[in-house]
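What follows is a short report on a single structure.
The values are calculated or read from the model by the stated rules, or taken from the named source; none is laboratory data. None of the values given here were measured: they were computed from a predicted structure. Note that each Cβ is placed from the backbone with ideal geometry, even for glycine, and that neighbours are counted across all protein chains shown.
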Amino acid sequence: MGITVGTPDVEPDKPAHVAGVRRGNHRGFYKRQPGHRRDDRSTARRSTGINARHHNPVLPDMPNLSPA
Amino acid sequence: MTTRQAAPAEQRTLTDVAFDPITRIVGNLGIYTKIDFAAREVVECKSTSSIFRGYSVFMKGKDPRDAHFITSRICGICGDNHATCSVYAQNMAYGVKTPPLGEWIVNLGEAAEYMFDHTIFQDNMVFVDYCERMVKETNPGVWERAERTPAPRGDQHGHRTIGDIMRSYNPFEGETYKEALVMSRLTREMICLMEGRHVHPSTLYPGGVGTVATPQLFTDYLVRLTRCLDFVKRAVAMNDDVFDFFYEALPGYEEVGRRRTLLGCWGAFQDPEVVDYSYKRMNEWGNRMFVTPGIVVDNQLVTTDLVDINLGMRILLGSSYYEDWTAEETFVDKDPLGNPVDKRHPWNQTTLPAPQKRDLDGGNYSWVMSPRWFDKRTSDFLALDTGGGPIARLWATALAGKVETPYVRSTGHSVQIDLPRTPSSPEVRLEWTPPAFPNTIERNRARMYFVAYAAGMALHFVDQALNEVRSGVTKTFQDFKVPKDAIGCGFHEAVRGVLSHHMVIRDGKIANYHPYPPTPWNASPRDFYGTPGPYEDAVQGCPIFEENGPENFKGIDIMRTVRSFDPCLPCGVHMYLGGGRTLTQSHSPTFGTLADQGGHG
């Protein structure tokens, strides 16, 4: 039996990924994120691009907890 | 509700009573019963759904990374459970492991979801069946007794009599009813903090979350959680009082909704210390989940192994509007461990809808299929139910004895929950012990205990997440590559029970995708072996305690039973407009001029 449907407007795989287009999840993109360090920690640069260094902790032992 | 007299059958006078649609649930469910009013018993029951979803049909060809955003729309109340489950399935397919902080954030969002959804369902929908107005109509004798019966836990919840509690459940005006709505707002805010949005999360992705982890995020969550705890402690005490009273006032009420113990739980809350989403290690990390996956048959824990659970899944037909797919393509013949995968397993299912007239006399009568779990010990296809979620989760977790956290622990025979002191209530220790058998009351009772369980777990998750943040570890997302060909499966608990997503990727696109939420298990019709689904099974043989006769029968005992499973057959997504009728399409730009012309599409 099946369901009778009209002619589709688009191909079923239309919303699939198009080869060659950059993907946000690509391996290696993490290291390009400003303020995100390789040791899984982050700096104030992840929160702001303006004078970010001035917003880092005053002592190196303090955790760097930048605002959202 | 409609009634009509049927001819006598087997010397019994049976009356057809149909409840279609069932209200106060999500979606479209009909319950068709045959009742023997003289013997006060439901003799036969069939559950039908008249709506077709079709996600498994239109997911094909999509980018797999979109799966959680699309499948979230399966449900308008537990969409984030679907998104989470889809993310788990994608993590397995992509071979990516979420950073610990990301995992704690997902767990916190899901804990808030359980608290939100169970509270709103219990206090705003289930308790309408137990409130003053309803009980006055259906069982005036019980209401009179409730007015006279003092509430044993009055010191904990502040109500003097059982009647007072039942009055507070009255819809739109009762104190508890209104308070539950306030709680649902708080808990939704908690979800939004963690997952960006409720009910369709915006910051949940495979590989992690986009939530920015700051100390503020977790303290905002904790403030709301603390306020909820006051309510949860009172709610558990009120639940116990009301349900104990029903047993006392209506001797034999434990038989209402009674069913053989056939419970399934697919586990919830991953432990970031062990979870890597690899199929080969699924048993190991599955057993470390903070709600233990498990199958409980006749009060015994059969397995906690997610691989066993996965391979035992069978989607049967028999009374559903579909054609068989055994002649269609086999997508996965062996799992990554080399075990054979059945043709009726979700990985190999092809959905072939066949719309037809409903035939309740031996024909097809539902759009729901019949998921079963193959028990290799007995070669039975078990019609597992979820009991609305909490009873199965608590039962499996209690018997497995694997959960050990500061606030919640499993003892091997029970679950203990310690809730700390909060602004208006002292600290409380709750203990849930499995009942002798599942029935309507026990399914409902477990629900509020699980809210307490989720709240206790949330406290633990906040502690763990803050430990990460305080040490400066703020990573919440791991990048990954989408493989050309892969398979994945995700196991999670939707609010009302088991949830699995099975995905096959080919050429970087989805080749097959099958979500199996709890209601297909619970609302399934008779399969081709003639085994009735759980609603049918629980309602068949159900004694009638309602004082009304056939003329003004409300079917309250049947409704209580069906609602105890927390039915959720979400709205349809397919519309067939016939031969090319065109819907008007218009577009309203955000800052455009069409808005003031009423041009909303």
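General observations
- Extreme residue, farthest from the chain's Cα centre (by Cα), among residues of region B:243-266 that are buried (at least 19 other Cβ atoms within 10 Å of the Cβ) and over 27 Å from B:Glu536 (Cβ atoms): B:Ala249
- Here the helices (runs of 4 or more DSSP H) wholly within region B:145-241 that include at least 2 residues being under 22 Å from the mean Cα position of the chain (by Cα) and buried (at least 20 other Cβ atoms within 10 Å of the Cβ) are B:175-195.
- Single residue of A:Asp61, A:Asp13, A:Asp9, A:Asp39 found to be surrounded by 14 or more Cβ atoms within 10 Å (Cβ to Cβ), of a type in the set (Asp, Glu) and outside any strand (DSSP E or B): A:Asp13
- Condition met for B:Thr440 (among the hydroxyl-bearing types (Ser, Thr, Tyr), in contact with a Lys or Arg (Cβ under 7 Å, 6 or more places away or on another chain), buried (at least 17 other Cβ atoms within 10 Å of the Cβ) and more than 28 Å from B:Leu222 (Cα to Cα)): yes
- For region B:339-362, filtered to residues that are touching a residue at least 40 places away in the same chain (Cβ under 8 Å) and within 14 Å of another protein chain (Cβ to nearest Cβ), the residue that is surrounded by the fewest Cβ atoms within 10 Å (Cβ to Cβ) is B:Pro355.
- Scanning region B:50-64 for residues that are within 7 Å of chain A (Cβ to nearest Cβ) and at negative phi yields B:Lys60, B:Lys62, B:Asp63.
- Boolean, B:Thr304 is buried (at least 17 other Cβ atoms within 10 Å of the Cβ), within 14 Å of chain A (Cβ to nearest Cβ) and either within 21 Å of the chain's Cα centre (by Cα) or closer than 18 Å to B:Arg372 by Cα (or both): no
- Screening the candidates A:Gly35, A:Gly24 for the property of being within 14 Å of B:Asp63 (Cβ to Cβ), without any contact (Cβ under 8 Å) to a residue 40 or more places away in the chain and more than 8 Å from every other protein chain (Cβ to nearest Cβ) yields one hit, A:Gly24.
- Filter pass, B:Tyr130 being hydroxyl-bearing (Ser, Thr, Tyr), within 14 Å of another protein chain (Cβ to nearest Cβ) and touching a residue at least 24 places away in the same chain (Cβ under 8 Å): no
- Hits in region A:40-53 (condition: at the interface with chain B (Cβ under 8 Å from one of its Cβ atoms) and without any contact (Cβ under 8 Å) to a residue 12 or more places away in the chain): A:Asp40
- Enumeration of residues in region B:398-423 that are under 17 Å from B:Cys265 (Cα atoms) and not charged (D, E, K, R): B:Ala398, B:Leu399, B:Ala400, B:Gly401, B:Val403, B:Ser410, B:Gly412, B:His413, B:Ser414, B:Val415
- One residue stands out among those in region B:39-49 that are more than 20 Å from the chain's Cα centre (by Cα) and of a type outside the set (A, V, I, L, M): the one that is farthest from the other protein chains (Cβ to nearest Cβ), which is B:Arg40.
- Residue ID - farthest from the chain's Cα centre (by Cα), chosen from residues in region A:54-68 that are within 8 Å of chain B (Cβ to nearest Cβ) and not hydroxyl-bearing (Ser, Thr, Tyr): A:Pro63
- Pairs with Cβ under 6 Å, 6+ apart, first in region B:202-218 and more than 9 Å from every other protein chain (Cβ to nearest Cβ), second acidic (Asp, Glu): B:Thr203/B:Glu195; B:Leu204/B:Glu195
- Qualifying residue in region B:96-116 (condition: in a strand (DSSP E or B), touching a helix residue (DSSP H, G or I) at 6+ places or on another chain (Cβ under 8 Å), surrounded by 24 or more Cβ atoms within 10 Å (Cβ to Cβ) and among the polar types (S, T, N, Q)): no
- Just one of the numbered conditions (1) surrounded by fewer than 17 Cβ atoms within 10 Å (Cβ to Cβ); (2) touching a Lys or Arg at 6+ places or on another chain (Cβ under 9 Å); (3) within 22 Å of B:Ile510 (Cα to Cα) is not true of B:Arg314: (1).
- B:Gly76 being modelled with pLDDT under 95, surrounded by fewer than 22 Cβ atoms within 10 Å (Cβ to Cβ) and in contact with an Asp or Glu (Cβ under 6 Å, 6 or more places away or on another chain): no
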